[in-house]
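Let me begin by presenting the structure, written as structure tokens, before commenting on it.
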Amino acid sequence: MKVHSTPIDSWSGRGPARQRRRCPGRCNGPGKPPIFADGPAKGKRPRSASARPARAPPGHGLYFPDGATCAPAAGEHGVGFVDWWSGNSRATGHDALRRELYFFSLYRLLEAGLLAFLAFSPFGEFFVVLEQPFIAQTAAVLYLVAAVLLLAIRSDPERSLSIQAGTGVIIDIAAAAIAIHTMAGLESGIALLLVINIGAAAILMSLPSALLVAALAGGALLLQFFLAGGNAAMLEQGRSLAEPVMFAISYLGIALFTHQLGQQMRASQQLVEQRDIDLANLAQVNELIIRRMRTGLLVVDDDNRVRMFNESAWHLLGNPPADERRLGTVAPELSRRLWGWRNGRPPDTKPVALAEDVAEVIPRFTLLGSDEQLVLIFLEDTTLFSRKAEQLTLNTLGRLSASIAHEIRNPLAAISYSAQLLEECEVLPEADRRLVEIINTQCTRMNGIVQNILGMARRERAQPEPVELALWVKRFVDEYKASQPLEAVELNARAETSPVRVLVDNQQLHQIVTILVSNAITYGRLPGEPARISVVANPAKPGQTPSLSVIDRGPGIPPKVVENIFEPFYTTSEHGTGLGLYIAHQLCEANQATLGYETVAGGGSHFRIQFAKAQG
């Protein structure tokens, strides 16, 4: 099976796809794309001179063998675009316009230099006749100085591009008008040079401003024409009124055309930038998904060197050092299986732990792209499969147990009723009466098991309602004492006078606390001493919600047992079912509360119900 090559080969840098890549973000190590990246080529040193720890800070990028991590960069639109091979930021549309203004300023400087050459150079007399040398030379110097200043200030980000372009083209028109008036023989040439100035300015200006500048240029040519003597005088020199009129119309046309062209260019540039932002966001989502996957991912080249691994793989490999890239050193068993897969051996699907104190994984291999050089390794954590299988088993077992419990209930009731009738017999021997008592006791126990199983199987949805916890605790203790025979049991309620309100299903809370108190009566007493149990309503503390505690002063629960007490069917007593605490825990989750166990100083057990919300 081949993996789709689009999100991988485009970053891998192999084959014909190896071009200049762009990626969202910046690397705090060597320049690497954030998803899949090549390590250094054979025989070459890595770009980073020093290896840093491979552990990335939370919220940052993937792990690379050289310790680099990729983090998002802030840009103009919230995403930076970095050329990973050259290290240069990609120009935005605003930068492109500034670049056009830069070339426009260079062209103006060339024009100013040409006019200065014609005004001051002894070779200028071969091209033009200076009718007014002083004005021509002064205008040429001022135009040259203005061109240099405009070129210098064009990079100021505080200045508007349209204002700079408009100011420059007005200076161009004034300089061209003076040059035409003071230099004979250059009328058509200077007017033709002005076409480029007007067209370049129209790209950077609004349409009304561009047309106004074009009309101003045409008006300057017409004004100069009439100042030079009008149509009769110009006809003697071989020029007519049609020439400045045609130039004026050309200026208006070129301004309109280049402005429309500039708008299309800007729209295309904005579309390209938006596409780049979308691709950058997709790349970041891609990277985040891969980094947060529970399945470990490794990319290994044909030299058995690790090119990239995500966070899960780093943990499943036992947190290897950042400068270690040889797969045979990092995970010898994984390297052996990869060699067997590459050589066509039957795959080994047995779970294996790749380091000490890590979960077992099942490695799976697939090629990246078509060059058959890179291999993508999936490390599937077997604990995930175990949990799913356990959950499926519990669901199936729950349904099966409920069905069996329902069928047992009727015969159990008949046995219990018959035993009660036998117990009422006056001539029943004492030994048989003892047997009947045993039957009644075990029937009661079996009935409790059936009730627990049925309650677990058909648990109803919680119906939360506001409950005043302090009053509820006192009422619960009073009702429990009245309904249950308490021998050698000290059960008391503790609550503050201030109201403690929570949102919980009243009936389910009663069931939870009943289970906890019954457990405390059964297991929470020291030999020869009465069970001392407290039901406590705890008000909300800063940063916490209200809670309810059931505390006993018994022997407590061993630490090795604590981690399993909320699992179904787990019990350390031969008379227990292992369902009480499991049902209590499930009912707490149904009410968005948590049930936890805490040790008590001096001995005892403390079960705390932490409620999700405090009311009023």
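The values are calculated or read from the model by the stated rules, or taken from the named source; none is laboratory data. None of the values given here were measured: they were computed from a predicted structure. When we count neighbours, we look across all protein chains shown, and the Cβ atoms used for this are built from the backbone with ideal geometry, even at glycine. All accessible areas refer to the heavy atoms of the entire protein, side chains included, with ligands and DNA or RNA removed. Shrake-Rupley method; radii C 1.70, N 1.55, O 1.52, S 1.80 Å.
Within region 280-298, being in contact (Cβ under 8 Å) with a residue 24 or more places away in the chain and part of a helix (DSSP H, G or I) holds for Ala280, Asn281, Ala283, Gln284, Asn286, Glu287, Ile290, Arg291.
Looking at Leu368, Leu334, just one residue is touching a Ser or Thr at 6+ places or on another chain (Cβ under 8 Å) and in contact (Cβ under 8 Å) with a residue 40 or more places away in the chain, and that residue is Leu368.
Would you point out the residue of region 95-125, among those that are within 51 Å of the chain's Cα centre (by Cα) and either hydrophobic (A, V, I, L, M, F, W, C) or not in a helix (DSSP H, G or I) (or both), that is farthest from Leu194 (Cα to Cα)? Here the answer is Ala96. The set of residues in region 463-491 being β-branched (Val, Ile, Thr) and outside any strand (DSSP E or B) consists of Val473, Val477.
Within region 499-532, the residues that satisfy the criterion of being open to solvent by 50 Å² or more (accessible area, probe 1.4 Å) and under 45 Å from the mean Cα position of the chain (by Cα) are Pro499, Arg501, Leu503, Asn506, Gln507, His510, Gln511. Beta carbons closer than 8 Å, at least 6 apart along the sequence or on distinct chains, pair a first residue in region 560-573 that is under 18 Å from Leu595 (Cα atoms) and assigned by the TED database to the domain that holds Thr594 with a second that is open to solvent by less than 30 Å² (accessible area, probe 1.4 Å) and of a type in the set (A, V, I, L, M, F, W, C) for Ile565/Leu581; Phe566/Leu581; Phe566/Leu595; Pro568/Leu579; Phe569/Leu579. Of all residues in region 113-132, those satisfying the criterion of being of a type outside the set (A, V, I, L, M) and touching a residue at least 24 places away in the same chain (Cβ under 8 Å) are Gly113, Phe127, Glu131, Gln132. Considering only residues in region 155-179 that are more than 26 Å from Phe225 (Cβ to Cβ) and open to solvent by less than 60 Å² (accessible area, probe 1.4 Å), the one that is modelled with the lowest pLDDT turns out to be Asp156.
When residues of region 337-380 are filtered for being more than 18 Å from Val299 (Cα to Cα) and open to solvent by less than 60 Å² (accessible area, probe 1.4 Å), how many remain? Of the residues in that region, 6 qualify. Selection of region 298-333 for residues being among the aliphatic types (A, V, I, L, M) and either more than 22 Å from Phe365 (Cβ to Cβ) or under 18 Å from the mean Cα position of the chain (by Cα) (or both) yields only Ala322.
If you go through region 278-336 and pick out every residue that is open to solvent by less than 30 Å² (accessible area, probe 1.4 Å) and closer than 26 Å to Leu384 by Cβ, you end up with 24.
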